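Here is the structure we will look at.
Derivation of every value follows stated rules applied to the coordinates shown; laboratory data play no part. Worth saying up front: this structure is predicted, and the values here are computed from it rather than measured.
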């Protein structure tokens, strides 16, 4: 009977440990996804600002001057920076998604070996 309780206790502890690890993994994935969405929002805001400047320039007939202006060049550079940042964050997110799947496959192999 004591042996049965030890097995139950061990199973419960292992289950709770796995649940805690999975929760931590999904929390990290969620945070990474939020960072990606925030970067996309920043890009969108800069595109809106750029579009507004260009619209006003088209309306006033001064597109050549505005396109070469420091403000437009600055906005384009900022957008490029955010796009680079976004690409990096998306790549890290994909790597994070793959990592738990690879560990799960390893765990399955280990578990199968234990049962033999």
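Given just the C-alpha atoms of the stretch 9-99, how large is their convex hull per residue in cubic angstrom?
Expressed per residue, the convex hull around the Cα atoms of the stretch 9-99 is 76 Å³.
Need the full-extension length gain, residue 3 to residue 84, defined as separation in residues times 0.36 nm minus the C-alpha distance. One decimal, nm.
Full extension from residue 3 to residue 84 adds 23.4 nm.
Calculate how large, on average over all directions, the projected area of the Cα convex hull of the stretch 1-53 is; give the answer in nm² to one decimal.
Average projection, Cα convex hull of the stretch 1-53: 3.2 nm².
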